[in-house]
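To start, the structure under review is shown below, and the notes come after it.
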Amino acid sequence: MKNNFDVIIVGGDIIGLTLANLMAMDNISILVLDKKYNLYHSPRAVSVDYENIRVWQTLGILNKLYPFIQSCEKGKDLVTYKSASGKTLTALQQHDTNYGYLQGYSLLQHEVEKVLKRNLRKYPKVTVLFNHNVSSFKEINDNVFVKSNSNGETFNYKCKYMVGCDGEDSLVRRTLGIDMKGFTYKNPWLLIDAIEKSKKLKTCEVFCDYKRPNLNLPLAKHFRRFEFMLKKGEKEEDFLKDEKIEHLICKHTNIKIEEIERKMIDVFEARLAKKYSKGRVFLAGDSAHIIPPFGGQALSSGLRDVSNLSWKLSSVIRNKWDKSILKTYEQERRPHQKKMNRLSVILGLIFMPKNALQMYLQNGLLYLVSNVPYLKKKFEVRGENLQPVYKKGAIRKGNLAGHFFPQPVINGEKLDYALGYNFAVVIFGGEGLNERELDEVEFYKRKGSNIVFISPEHEKEFKDLLDLSLRHFIVVRPDRFIYKHLIREKDLT
Ligand SMILES: Cc1cc2nc3c(=O)[nH]c(=O)nc-3n(C[C@H](O)[C@H](O)[C@H](O)COP(=O)(O)OP(=O)(O)OC[C@H]3O[C@@H](n4cnc5c(N)ncnc54)[C@H](O)[C@@H]3O)c2cc1C
(Lines give C-alpha, C1' and ligand atoms only; values in the text may rest on other atoms or scores of the structure.)
Protein backbone atom coordinates (compact mmCIF):
# COMPACT_ATOMS: atom_id res chain seq x y z
CA MET A 1 0.00 0.00 0.00
CA LYS A 2 1.05 3.58 -0.67
CA ASN A 3 2.63 5.17 2.38
CA ASN A 4 3.26 8.72 1.24
CA PHE A 5 0.44 11.28 1.40
CA ASP A 6 -0.06 15.02 1.19
CA VAL A 7 -1.99 14.99 4.47
CA ILE A 8 -2.53 12.49 7.27
CA ILE A 9 -5.58 13.06 9.46
CA VAL A 10 -5.48 11.39 12.87
CA GLY A 11 -9.08 10.68 13.91
CA GLY A 12 -11.84 9.61 11.53
CA ASP A 13 -14.78 10.99 13.45
CA ILE A 14 -17.04 13.83 12.32
CA ILE A 15 -14.34 16.50 12.23
CA GLY A 16 -11.62 14.38 10.58
CA LEU A 17 -14.08 13.00 8.02
CA THR A 18 -15.40 16.46 7.12
CA LEU A 19 -11.83 17.72 6.69
CA ALA A 20 -10.95 14.74 4.49
CA ASN A 21 -14.00 15.38 2.30
CA LEU A 22 -13.17 19.08 1.89
CA MET A 23 -9.54 18.45 0.97
CA ALA A 24 -10.44 15.57 -1.32
CA MET A 25 -12.40 18.09 -3.41
CA ASP A 26 -9.05 19.81 -4.00
CA ASN A 27 -7.53 16.53 -5.23
CA ILE A 28 -5.22 16.23 -2.22
CA SER A 29 -3.95 12.75 -1.31
CA ILE A 30 -5.13 11.93 2.20
CA LEU A 31 -4.79 9.15 4.75
CA VAL A 32 -7.30 9.05 7.62
CA LEU A 33 -6.24 6.88 10.57
CA ASP A 34 -8.59 6.02 13.42
CA LYS A 35 -7.93 3.71 16.33
CA LYS A 36 -11.50 2.49 16.80
CA TYR A 37 -12.74 -0.57 14.89
CA ASN A 38 -15.59 1.24 13.23
CA LEU A 39 -17.78 4.32 13.52
CA TYR A 40 -19.79 4.80 16.72
CA HIS A 41 -23.39 3.55 16.66
CA SER A 42 -25.11 6.08 18.94
CA PRO A 43 -25.86 9.81 18.89
CA ARG A 44 -23.28 12.10 20.51
CA ALA A 45 -23.13 15.82 19.68
CA VAL A 46 -26.62 17.06 18.96
CA SER A 47 -26.59 20.56 17.51
CA VAL A 48 -25.27 22.41 14.49
CA ASP A 49 -26.18 25.68 12.78
CA TYR A 50 -26.53 27.20 9.30
CA GLU A 51 -22.78 27.81 9.01
CA ASN A 52 -22.09 24.11 9.52
CA ILE A 53 -24.82 22.94 7.15
CA ARG A 54 -23.30 25.22 4.51
CA VAL A 55 -20.00 23.30 4.84
CA TRP A 56 -21.78 20.01 4.15
CA GLN A 57 -23.59 21.69 1.22
CA THR A 58 -20.14 22.34 -0.28
CA LEU A 59 -19.49 18.60 -0.14
CA GLY A 60 -22.67 17.92 -2.14
CA ILE A 61 -24.03 15.47 0.43
CA LEU A 62 -26.96 17.37 1.94
CA ASN A 63 -29.63 15.19 0.34
CA LYS A 64 -28.08 12.17 2.02
CA LEU A 65 -27.80 14.00 5.35
CA TYR A 66 -31.34 15.39 5.53
CA PRO A 67 -32.89 12.23 7.06
CA PHE A 68 -30.51 12.66 10.01
CA ILE A 69 -30.79 16.41 10.49
CA GLN A 70 -33.86 18.03 11.94
CA SER A 71 -35.11 21.54 12.59
CA CYS A 72 -38.33 23.04 13.87
CA GLU A 73 -40.28 25.37 11.60
CA LYS A 74 -39.53 29.07 11.24
CA GLY A 75 -41.14 31.12 14.03
CA LYS A 76 -41.47 28.14 16.37
CA ASP A 77 -39.49 27.89 19.60
CA LEU A 78 -36.10 26.29 18.98
CA VAL A 79 -34.98 26.46 22.61
CA THR A 80 -37.19 27.28 25.60
CA TYR A 81 -35.60 28.22 28.92
CA LYS A 82 -37.93 27.26 31.76
CA SER A 83 -38.10 27.65 35.51
CA ALA A 84 -38.24 24.58 37.76
CA SER A 85 -42.04 24.79 37.71
CA GLY A 86 -42.12 24.84 33.91
CA LYS A 87 -42.82 28.58 33.41
CA THR A 88 -41.19 29.85 30.20
CA LEU A 89 -38.52 32.43 31.05
CA THR A 90 -37.38 33.05 27.51
CA ALA A 91 -37.48 31.31 24.17
CA LEU A 92 -35.18 31.36 21.19
CA GLN A 93 -37.21 31.22 18.01
CA GLN A 94 -36.20 29.37 14.92
CA HIS A 95 -35.56 31.88 12.17
CA ASP A 96 -34.38 32.05 8.63
CA THR A 97 -30.91 33.42 7.94
CA ASN A 98 -29.30 35.09 4.94
CA TYR A 99 -27.00 32.13 4.59
CA GLY A 100 -29.24 29.56 2.95
CA TYR A 101 -30.44 27.69 6.04
CA LEU A 102 -32.36 28.09 9.27
CA GLN A 103 -30.66 29.13 12.50
CA GLY A 104 -30.38 25.77 14.28
CA TYR A 105 -30.63 22.05 13.63
CA SER A 106 -30.28 18.90 15.66
CA LEU A 107 -28.45 15.94 14.19
CA LEU A 108 -27.63 12.30 14.63
CA GLN A 109 -23.85 12.45 14.64
CA HIS A 110 -23.25 8.76 14.00
CA GLU A 111 -25.49 8.76 10.91
CA VAL A 112 -23.83 11.92 9.54
CA GLU A 113 -20.45 10.21 9.99
CA LYS A 114 -21.59 7.21 7.94
CA VAL A 115 -22.54 9.52 5.05
CA LEU A 116 -19.23 11.38 5.30
CA LYS A 117 -17.22 8.17 5.33
CA ARG A 118 -19.17 6.66 2.42
CA ASN A 119 -18.71 9.83 0.38
CA LEU A 120 -14.93 9.51 0.62
CA ARG A 121 -15.10 6.31 -1.46
CA LYS A 122 -15.52 8.39 -4.59
CA TYR A 123 -12.06 9.93 -4.18
CA PRO A 124 -9.29 7.55 -5.33
CA LYS A 125 -6.61 9.59 -3.54
CA VAL A 126 -8.22 9.13 -0.11
CA THR A 127 -7.53 6.13 2.13
CA VAL A 128 -9.44 5.59 5.38
CA LEU A 129 -8.05 3.03 7.83
CA PHE A 130 -9.85 2.13 11.05
CA ASN A 131 -8.25 -0.03 13.77
CA HIS A 132 -5.06 2.02 13.28
CA ASN A 133 -3.82 3.58 16.50
CA VAL A 134 -1.35 6.38 15.84
CA SER A 135 1.38 5.84 18.42
CA SER A 136 3.96 8.48 17.48
CA PHE A 137 5.03 10.98 14.84
CA LYS A 138 8.02 13.14 14.11
CA GLU A 139 8.63 16.09 11.83
CA ILE A 140 11.87 15.81 9.87
CA ASN A 141 12.74 18.46 7.30
CA ASP A 142 9.65 18.93 5.12
CA ASN A 143 7.78 15.80 6.17
CA VAL A 144 5.95 14.30 9.09
CA PHE A 145 6.67 10.61 9.74
CA VAL A 146 3.78 8.80 11.39
CA LYS A 147 3.62 5.36 13.07
CA SER A 148 0.41 3.46 13.61
CA ASN A 149 -0.36 0.07 15.15
CA SER A 150 -2.97 -2.34 13.94
CA ASN A 151 -3.43 -5.93 15.18
CA GLY A 152 0.07 -5.92 16.68
CA GLU A 153 1.73 -4.74 13.48
CA THR A 154 3.45 -1.36 13.06
CA PHE A 155 2.86 0.75 9.95
CA ASN A 156 4.97 3.72 8.82
CA TYR A 157 3.61 6.62 6.80
CA LYS A 158 4.88 9.95 5.63
CA CYS A 159 3.07 13.19 4.78
CA LYS A 160 3.62 16.88 4.12
CA TYR A 161 1.13 17.97 6.78
CA MET A 162 -0.68 16.24 9.61
CA VAL A 163 -3.92 17.25 11.34
CA GLY A 164 -4.88 15.94 14.78
CA CYS A 165 -8.67 15.50 14.81
CA ASP A 166 -8.17 12.99 17.60
CA GLY A 167 -10.52 14.38 20.21
CA GLU A 168 -10.18 15.78 23.70
CA ASP A 169 -7.45 13.40 24.86
CA SER A 170 -5.46 14.10 21.68
CA LEU A 171 -2.20 12.20 21.37
CA VAL A 172 -1.20 14.68 18.68
CA ARG A 173 -1.63 17.65 21.04
CA ARG A 174 0.17 15.90 23.88
CA THR A 175 3.06 14.87 21.63
CA LEU A 176 3.46 18.45 20.46
CA GLY A 177 3.62 19.50 24.12
CA ILE A 178 0.71 21.93 23.74
CA ASP A 179 -1.14 22.61 26.99
CA MET A 180 -4.82 23.20 27.36
CA LYS A 181 -6.06 26.00 29.57
CA GLY A 182 -9.43 25.84 31.29
CA PHE A 183 -11.35 23.85 33.87
CA THR A 184 -13.49 20.77 34.47
CA TYR A 185 -17.00 21.10 35.93
CA LYS A 186 -17.39 19.43 39.32
CA ASN A 187 -20.77 17.82 38.72
CA PRO A 188 -21.11 14.92 36.30
CA TRP A 189 -24.07 14.68 33.92
CA LEU A 190 -26.27 11.79 32.91
CA LEU A 191 -26.82 11.75 29.12
CA ILE A 192 -29.61 9.62 27.71
CA ASP A 193 -30.64 9.01 24.13
CA ALA A 194 -34.09 7.49 24.06
CA ILE A 195 -36.61 6.43 21.47
CA GLU A 196 -39.68 8.65 21.69
CA LYS A 197 -42.16 7.97 18.93
CA SER A 198 -44.85 10.53 19.76
CA LYS A 199 -42.55 13.47 19.01
CA LYS A 200 -45.16 15.95 20.23
CA LEU A 201 -42.63 18.40 21.64
CA LYS A 202 -40.53 19.99 18.89
CA THR A 203 -38.53 22.39 21.06
CA CYS A 204 -35.45 21.95 23.23
CA GLU A 205 -36.49 22.49 26.86
CA VAL A 206 -33.86 23.79 29.27
CA PHE A 207 -34.91 23.66 32.94
CA CYS A 208 -32.89 26.17 35.01
CA ASP A 209 -33.62 24.34 38.25
CA TYR A 210 -30.99 24.46 40.98
CA LYS A 211 -32.24 21.14 42.39
CA ARG A 212 -31.73 19.30 39.12
CA PRO A 213 -30.65 21.28 36.03
CA ASN A 214 -31.84 19.29 33.03
CA LEU A 215 -32.70 19.55 29.37
CA ASN A 216 -34.23 17.54 26.58
CA LEU A 217 -34.39 17.98 22.83
CA PRO A 218 -35.74 16.14 19.79
CA LEU A 219 -33.32 14.53 17.34
CA ALA A 220 -34.03 13.09 13.89
CA LYS A 221 -35.77 9.72 13.45
CA HIS A 222 -37.35 8.79 16.79
CA PHE A 223 -34.56 9.91 19.07
CA ARG A 224 -34.75 12.33 21.98
CA ARG A 225 -31.80 13.47 24.11
CA PHE A 226 -32.18 13.99 27.89
CA GLU A 227 -29.46 15.42 30.13
CA PHE A 228 -29.59 15.61 33.95
CA MET A 229 -26.98 17.06 36.28
CA LEU A 230 -25.95 14.92 39.25
CA LYS A 231 -25.58 16.60 42.63
CA LYS A 232 -22.68 16.27 45.04
CA GLY A 233 -22.72 12.87 46.72
CA GLU A 234 -25.02 11.20 44.18
CA LYS A 235 -23.69 7.92 42.87
CA GLU A 236 -23.20 7.60 39.12
CA GLU A 237 -24.11 3.89 39.09
CA ASP A 238 -27.53 4.64 40.61
CA PHE A 239 -28.30 7.03 37.79
CA LEU A 240 -27.44 4.51 35.09
CA LYS A 241 -30.27 2.21 36.20
CA ASP A 242 -33.24 2.17 33.79
CA GLU A 243 -35.81 2.66 36.60
CA LYS A 244 -33.97 5.75 37.82
CA ILE A 245 -33.78 7.16 34.28
CA GLU A 246 -37.50 6.56 33.69
CA HIS A 247 -38.29 8.20 37.02
CA LEU A 248 -36.19 11.29 36.18
CA ILE A 249 -37.77 11.70 32.76
CA CYS A 250 -41.26 11.28 34.18
CA LYS A 251 -40.63 13.70 37.06
CA HIS A 252 -39.07 16.51 35.04
CA THR A 253 -40.79 16.29 31.67
CA ASN A 254 -44.14 15.28 30.19
CA ILE A 255 -42.46 13.01 27.72
CA LYS A 256 -43.08 9.30 27.35
CA ILE A 257 -40.18 7.27 26.05
CA GLU A 258 -40.32 3.80 24.50
CA GLU A 259 -36.74 2.65 24.86
CA ILE A 260 -33.36 3.77 26.18
CA GLU A 261 -30.82 3.65 23.34
CA ARG A 262 -27.74 4.95 25.15
CA LYS A 263 -26.95 6.11 28.67
CA MET A 264 -23.67 7.51 29.87
CA ILE A 265 -22.13 9.74 32.49
CA ASP A 266 -20.05 12.63 31.19
CA VAL A 267 -18.11 15.42 32.84
CA PHE A 268 -18.11 18.71 30.97
CA GLU A 269 -15.01 20.78 30.45
CA ALA A 270 -14.14 24.23 29.13
CA ARG A 271 -10.62 24.16 27.69
CA LEU A 272 -8.67 25.76 24.92
CA ALA A 273 -5.31 24.66 23.51
CA LYS A 274 -2.65 27.32 23.90
CA LYS A 275 -1.61 26.81 20.28
CA TYR A 276 -3.40 25.29 17.31
CA SER A 277 -0.31 24.11 15.46
CA LYS A 278 3.39 23.43 15.64
CA GLY A 279 5.48 23.11 12.49
CA ARG A 280 3.60 20.98 9.98
CA VAL A 281 1.10 19.61 12.48
CA PHE A 282 -2.31 21.18 13.20
CA LEU A 283 -5.12 20.60 15.68
CA ALA A 284 -8.83 20.79 14.86
CA GLY A 285 -12.05 20.01 16.70
CA ASP A 286 -12.02 18.69 20.26
CA SER A 287 -8.24 18.25 20.19
CA ALA A 288 -7.97 22.07 20.08
CA HIS A 289 -10.91 23.00 22.30
CA ILE A 290 -13.36 21.34 24.62
CA ILE A 291 -16.52 23.38 24.99
CA PRO A 292 -19.27 22.72 27.49
CA PRO A 293 -22.50 22.00 25.61
CA PHE A 294 -24.60 24.87 26.99
CA GLY A 295 -24.40 27.00 23.83
CA GLY A 296 -24.48 24.12 21.34
CA GLN A 297 -21.04 25.19 20.13
CA ALA A 298 -18.87 22.07 20.63
CA LEU A 299 -19.32 20.43 17.26
CA SER A 300 -20.03 23.70 15.44
CA SER A 301 -16.64 25.02 16.45
CA GLY A 302 -14.81 21.98 15.11
CA LEU A 303 -16.63 22.25 11.80
CA ARG A 304 -15.65 25.91 11.59
CA ASP A 305 -12.03 24.86 12.19
CA VAL A 306 -11.87 22.44 9.30
CA SER A 307 -13.75 24.74 6.95
CA ASN A 308 -11.06 27.34 7.72
CA LEU A 309 -8.03 25.04 7.61
CA SER A 310 -8.87 22.85 4.61
CA TRP A 311 -8.55 25.39 1.79
CA LYS A 312 -5.45 26.96 3.36
CA LEU A 313 -3.64 23.62 3.56
CA SER A 314 -4.76 22.66 0.04
CA SER A 315 -3.55 25.98 -1.42
CA VAL A 316 -0.13 25.58 0.19
CA ILE A 317 0.19 21.95 -0.95
CA ARG A 318 -0.83 23.00 -4.49
CA ASN A 319 1.72 25.88 -4.35
CA LYS A 320 -1.08 28.38 -4.87
CA TRP A 321 -0.29 30.25 -1.69
CA ASP A 322 2.78 30.86 0.46
CA LYS A 323 2.91 28.70 3.59
CA SER A 324 2.70 31.81 5.79
CA ILE A 325 -1.09 31.65 5.24
CA LEU A 326 -1.17 28.65 7.57
CA LYS A 327 -0.46 30.96 10.53
CA THR A 328 -3.81 32.61 9.92
CA TYR A 329 -5.64 29.43 10.96
CA GLU A 330 -4.92 29.99 14.65
CA GLN A 331 -5.11 33.77 14.23
CA GLU A 332 -8.68 33.49 12.98
CA ARG A 333 -10.03 30.51 14.86
CA ARG A 334 -8.60 30.82 18.36
CA PRO A 335 -10.02 34.24 19.36
CA HIS A 336 -13.47 33.17 18.18
CA GLN A 337 -13.14 29.90 20.04
CA LYS A 338 -12.25 31.78 23.19
CA LYS A 339 -15.42 33.82 22.77
CA MET A 340 -17.55 30.69 22.25
CA ASN A 341 -16.01 29.09 25.34
CA ARG A 342 -16.80 32.17 27.44
CA LEU A 343 -20.35 32.34 26.11
CA SER A 344 -20.96 28.66 26.84
CA VAL A 345 -19.63 29.05 30.39
CA ILE A 346 -21.95 32.03 31.01
CA LEU A 347 -24.93 30.09 29.67
CA GLY A 348 -23.95 27.25 31.97
CA LEU A 349 -24.10 29.62 34.97
CA ILE A 350 -27.65 30.58 34.03
CA PHE A 351 -28.59 26.98 33.41
CA MET A 352 -27.09 25.67 36.66
CA PRO A 353 -27.91 28.05 39.53
CA LYS A 354 -26.20 26.98 42.76
CA ASN A 355 -29.07 27.68 45.14
CA ALA A 356 -32.64 28.95 45.33
CA LEU A 357 -31.68 32.62 45.74
CA GLN A 358 -29.37 32.57 42.75
CA MET A 359 -32.00 30.73 40.73
CA TYR A 360 -34.72 33.32 41.43
CA LEU A 361 -32.36 36.22 40.67
CA GLN A 362 -31.11 34.65 37.46
CA ASN A 363 -34.52 33.57 36.29
CA GLY A 364 -35.78 37.12 36.87
CA LEU A 365 -32.85 38.52 34.90
CA LEU A 366 -33.46 36.09 32.06
CA TYR A 367 -37.11 37.09 31.96
CA LEU A 368 -36.14 40.77 31.88
CA VAL A 369 -33.53 40.35 29.14
CA SER A 370 -35.97 38.48 26.95
CA ASN A 371 -38.58 41.22 27.30
CA VAL A 372 -36.33 44.18 26.49
CA PRO A 373 -35.67 44.05 22.72
CA TYR A 374 -32.25 45.79 22.93
CA LEU A 375 -30.98 43.37 25.59
CA LYS A 376 -32.51 40.39 23.84
CA LYS A 377 -30.74 41.26 20.58
CA LYS A 378 -27.43 41.78 22.40
CA PHE A 379 -27.45 38.54 24.37
CA GLU A 380 -29.42 36.18 22.18
CA VAL A 381 -27.50 33.03 21.32
CA ARG A 382 -27.80 33.34 17.58
CA GLY A 383 -26.64 35.04 14.39
CA GLU A 384 -24.06 37.74 14.81
CA ASN A 385 -23.51 36.87 18.49
CA LEU A 386 -22.14 33.48 17.40
CA GLN A 387 -20.79 34.00 13.93
CA PRO A 388 -17.11 34.80 13.55
CA VAL A 389 -15.95 38.07 12.04
CA TYR A 390 -12.25 37.82 11.26
CA LYS A 391 -10.46 41.08 12.07
CA LYS A 392 -7.05 39.80 11.01
CA GLY A 393 -5.87 36.75 9.15
CA ALA A 394 -6.21 35.70 5.53
CA ILE A 395 -8.07 38.83 4.52
CA ARG A 396 -7.27 42.11 2.79
CA LYS A 397 -8.40 44.47 5.54
CA GLY A 398 -11.00 47.09 4.79
CA ASN A 399 -14.77 47.49 4.52
CA LEU A 400 -16.44 44.13 5.19
CA ALA A 401 -13.43 41.83 4.76
CA GLY A 402 -13.64 39.02 7.31
CA HIS A 403 -17.47 38.85 7.35
CA PHE A 404 -19.40 35.71 6.44
CA PHE A 405 -20.91 36.12 2.98
CA PRO A 406 -24.67 35.65 2.50
CA GLN A 407 -26.12 32.88 0.41
CA PRO A 408 -29.44 33.92 -1.14
CA VAL A 409 -31.20 31.92 -3.81
CA ILE A 410 -30.43 33.46 -7.19
CA ASN A 411 -32.12 32.27 -10.37
CA GLY A 412 -33.55 29.32 -8.46
CA GLU A 413 -30.22 28.16 -7.03
CA LYS A 414 -28.34 28.78 -3.79
CA LEU A 415 -25.45 31.16 -4.46
CA ASP A 416 -22.62 28.84 -3.35
CA TYR A 417 -23.23 26.61 -6.38
CA ALA A 418 -22.32 29.56 -8.60
CA LEU A 419 -19.31 30.47 -6.42
CA GLY A 420 -17.81 26.95 -6.54
CA TYR A 421 -15.33 25.64 -3.98
CA ASN A 422 -12.64 28.23 -4.64
CA PHE A 423 -12.08 31.96 -4.34
CA ALA A 424 -14.91 33.68 -6.22
CA VAL A 425 -15.49 37.26 -7.33
CA VAL A 426 -18.94 38.73 -6.78
CA ILE A 427 -19.73 42.01 -8.49
CA PHE A 428 -22.62 44.36 -7.71
CA GLY A 429 -23.68 47.42 -9.73
CA GLY A 430 -23.39 46.41 -13.35
CA GLU A 431 -21.04 44.58 -15.66
CA GLY A 432 -19.07 47.55 -17.02
CA LEU A 433 -15.65 47.12 -15.35
CA ASN A 434 -12.90 49.70 -15.12
CA GLU A 435 -9.26 48.84 -15.83
CA ARG A 436 -8.39 47.91 -12.28
CA GLU A 437 -11.45 45.70 -11.94
CA LEU A 438 -10.68 44.01 -15.25
CA ASP A 439 -7.14 43.25 -14.03
CA GLU A 440 -8.52 41.79 -10.80
CA VAL A 441 -11.04 39.69 -12.67
CA GLU A 442 -8.35 38.37 -15.04
CA PHE A 443 -6.13 37.54 -12.04
CA TYR A 444 -8.84 35.53 -10.32
CA LYS A 445 -9.94 33.85 -13.56
CA ARG A 446 -6.38 32.59 -14.02
CA LYS A 447 -6.66 31.05 -10.53
CA GLY A 448 -9.80 29.21 -11.62
CA SER A 449 -12.23 31.50 -9.81
CA ASN A 450 -15.82 31.98 -10.89
CA ILE A 451 -16.94 35.55 -11.56
CA VAL A 452 -20.53 36.19 -10.51
CA PHE A 453 -22.45 39.35 -11.40
CA ILE A 454 -25.41 40.06 -9.14
CA SER A 455 -28.21 41.56 -11.21
CA PRO A 456 -30.06 44.62 -9.82
CA GLU A 457 -33.23 42.67 -8.96
CA HIS A 458 -31.21 40.33 -6.71
CA GLU A 459 -29.09 42.95 -4.94
CA LYS A 460 -31.76 43.46 -2.27
CA GLU A 461 -31.02 39.95 -1.01
CA PHE A 462 -27.74 41.37 0.38
CA LYS A 463 -29.25 44.42 2.07
CA ASP A 464 -28.48 43.25 5.61
CA LEU A 465 -24.75 43.26 4.86
CA LEU A 466 -24.14 45.78 2.10
CA ASP A 467 -24.96 49.44 1.58
CA LEU A 468 -26.89 49.09 -1.66
CA SER A 469 -26.48 52.76 -2.57
CA LEU A 470 -22.86 51.80 -3.39
CA ARG A 471 -21.40 49.39 -5.97
CA HIS A 472 -19.35 46.50 -4.63
CA PHE A 473 -16.51 44.27 -5.82
CA ILE A 474 -16.11 41.38 -3.40
CA VAL A 475 -13.74 38.42 -3.33
CA VAL A 476 -15.14 35.50 -1.33
CA ARG A 477 -12.90 32.76 0.11
CA PRO A 478 -13.71 29.05 -0.29
CA ASP A 479 -15.01 29.01 3.32
CA ARG A 480 -17.45 31.81 2.31
CA PHE A 481 -15.78 34.58 4.32
CA ILE A 482 -15.04 37.85 2.51
CA TYR A 483 -11.36 38.09 1.54
CA LYS A 484 -11.49 41.51 -0.06
CA HIS A 485 -14.17 44.15 -0.38
CA LEU A 486 -13.75 47.14 -2.71
CA ILE A 487 -16.25 49.91 -3.26
CA ARG A 488 -16.51 50.48 -6.99
CA GLU A 489 -16.46 53.91 -8.58
CA LYS A 490 -19.87 55.35 -9.36
CA ASP A 491 -21.21 54.07 -12.68
CA LEU A 492 -20.58 56.99 -15.03
CA THR A 493 -22.36 55.52 -18.06
C1 LIG B 1 -19.21 9.15 23.93
C2 LIG B 1 -19.30 10.61 23.53
C3 LIG B 1 -20.47 11.31 23.81
C4 LIG B 1 -20.58 12.65 23.44
N5 LIG B 1 -21.73 13.32 23.71
C6 LIG B 1 -21.85 14.62 23.33
C7 LIG B 1 -23.02 15.36 23.56
O8 LIG B 1 -23.96 14.83 24.13
N9 LIG B 1 -23.08 16.66 23.13
C10 LIG B 1 -22.03 17.26 22.49
O11 LIG B 1 -22.12 18.45 22.09
N12 LIG B 1 -20.90 16.60 22.27
C13 LIG B 1 -20.77 15.30 22.67
N14 LIG B 1 -19.63 14.64 22.44
C15 LIG B 1 -18.53 15.37 21.80
C16 LIG B 1 -18.76 15.48 20.34
O17 LIG B 1 -19.11 14.22 19.84
C18 LIG B 1 -17.49 16.06 19.72
O19 LIG B 1 -17.48 17.45 19.97
C20 LIG B 1 -17.47 15.78 18.25
O21 LIG B 1 -17.45 14.39 18.08
C22 LIG B 1 -16.29 16.39 17.52
O23 LIG B 1 -15.17 15.71 17.89
P24 LIG B 1 -13.87 15.35 17.07
O25 LIG B 1 -14.10 14.67 15.76
O26 LIG B 1 -13.01 16.56 17.14
O27 LIG B 1 -13.36 14.31 18.13
P28 LIG B 1 -13.98 12.92 18.53
O29 LIG B 1 -15.39 12.79 18.15
O30 LIG B 1 -13.60 12.69 19.95
O31 LIG B 1 -13.14 11.95 17.58
C32 LIG B 1 -11.78 11.70 17.77
C33 LIG B 1 -11.44 10.50 16.96
O34 LIG B 1 -10.03 10.31 17.03
C35 LIG B 1 -9.76 8.94 17.20
N36 LIG B 1 -8.46 8.83 17.86
C37 LIG B 1 -8.10 9.30 19.08
N38 LIG B 1 -6.80 9.04 19.33
C39 LIG B 1 -6.33 8.38 18.25
C40 LIG B 1 -5.06 7.82 17.90
N41 LIG B 1 -4.01 7.89 18.74
N42 LIG B 1 -4.93 7.20 16.71
C43 LIG B 1 -5.98 7.11 15.85
N44 LIG B 1 -7.20 7.61 16.13
C45 LIG B 1 -7.37 8.25 17.30
C46 LIG B 1 -10.91 8.41 18.04
O47 LIG B 1 -11.10 7.03 17.86
C48 LIG B 1 -12.08 9.23 17.49
O49 LIG B 1 -12.73 8.57 16.43
C50 LIG B 1 -19.49 13.30 22.80
C51 LIG B 1 -18.32 12.59 22.53
C52 LIG B 1 -18.22 11.26 22.88
C53 LIG B 1 -16.94 10.50 22.56
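Rounded to the nearest 20, the Cβ-based charge dipole of the chain about its Cα centre (Lys and Arg +1, Asp and Glu -1) stands at 900 debye. State, to one decimal in nm², a quarter of the convex hull surface area for the C-alpha atoms of region 194-266, i.e. the direction-averaged projected area. Result: a mean projected hull area of 4.8 nm². With the convex hull drawn over the C-alpha atoms of region 10-80, the volume per residue is 122 Å³. Span-like helix check, the chain: qualifying full DSSP H segments, with Cα axial length of 24 Å or more and mean Kyte-Doolittle of -1.0 or more, are 298-317, 327-351.
Computed over protein heavy atoms with a 1.4 Å probe, the accessible surface of region 1-128 works out to 38 Å² per residue.
Treating each Cα of region 335-444 as an identical point scatterer and summing with the Debye formula, the log10 of I(q)/I(0) at q = 0.22, 0.24 Å⁻¹ comes to -1.31, -1.40.
Going 7 Å from the Cα of K87 toward and past its Cβ, which residues in region 194-209 have a backbone nitrogen under 15 Å from where you end up? Within reach of a label on K87, which here means backbone N under 15 Å from a point 7 Å along Cα→Cβ, region 194-209 contributes 208-209. Projecting the Cα atoms of H252, N141, A401 onto the charge dipole of the chain (Cβ charges, centred on the Cα centre) puts N141 farthest toward the positive pole. In region 254-382, Cα pairs under 8 Å separated by at least six residues give a relative contact order of 22 percent.
Considering only Cα-Cα distances, which of the following residue pairs are longer than 21 Å: K378/K484; K445/K484; K320/K484; K114/K256; K391/K445?
K378/K484; K114/K256; K391/K445
Centroid-to-centroid, using Cα positions, region 86-159 and region 172-193 are 19 Å apart. Oblate is the label for the chain. Its Cα gyration tensor axes, ordered a ≥ b ≥ c, give a/c of at least 1.5 and b/c at or above a/b. For region 164-221, the list of GluC sites (Glu not before Pro) that fall in a loop by DSSP and count at most 15 other C-beta atoms within 10 angstrom reads E168. Comparing Cα centroids, region 5-38 and region 337-354 end up 32 angstrom apart.
Leaving ligands and nucleic acids out of the surface, order L215, L201 by accessible area at 1.4 Å, largest first.
L201, L215
In this structure Y210 has an accessible area near 60 Å², from a 1.4 Å probe over the protein heavy atoms. Specify whether the C-alpha gyration tensor of region 106-195 places it in the rounded, prolate or oblate class, a ≥ b ≥ c being the square roots of the eigenvalues: rounded for a/c under 1.5, otherwise prolate if a/b is larger than b/c and oblate if not. The shape class here is oblate. Only protein atoms count toward the accessible area here, which uses a 1.4 Å probe; on the chain, the carbon and sulfur part of that area reaches 52 percent.
Taking the charge dipole of the chain about its Cα centre, with +1 at Lys and Arg Cβ atoms and -1 at Asp and Glu Cβ atoms, the residue from V281, S29, V55 reaching farthest to the positive side is V281.
Per-residue accessible area (protein heavy atoms, 1.4 Å probe) orders E461, E440, E113 as E461, E440, E113, starting from the largest. Over the residues of the chain, the helix contribution to mean residue ellipticity at 222 nm works out to -8500 deg cm²/dmol, using -39500 (n - 2.57) for each DSSP H run of at least 4.
The values are calculated or read from the model by the stated rules, or taken from the named source; none is laboratory data. Values in this document were obtained by computation on a predicted structure and should not be read as measured data. Glycine also receives a Cβ, built like all others from the backbone with ideal geometry; neighbour counts cover every protein chain displayed. Please note that ligands, DNA and RNA were not included when accessible areas were found on the heavy atoms of the full protein model with its side chains. Shrake-Rupley method; radii C 1.70, N 1.55, O 1.52, S 1.80 Å.
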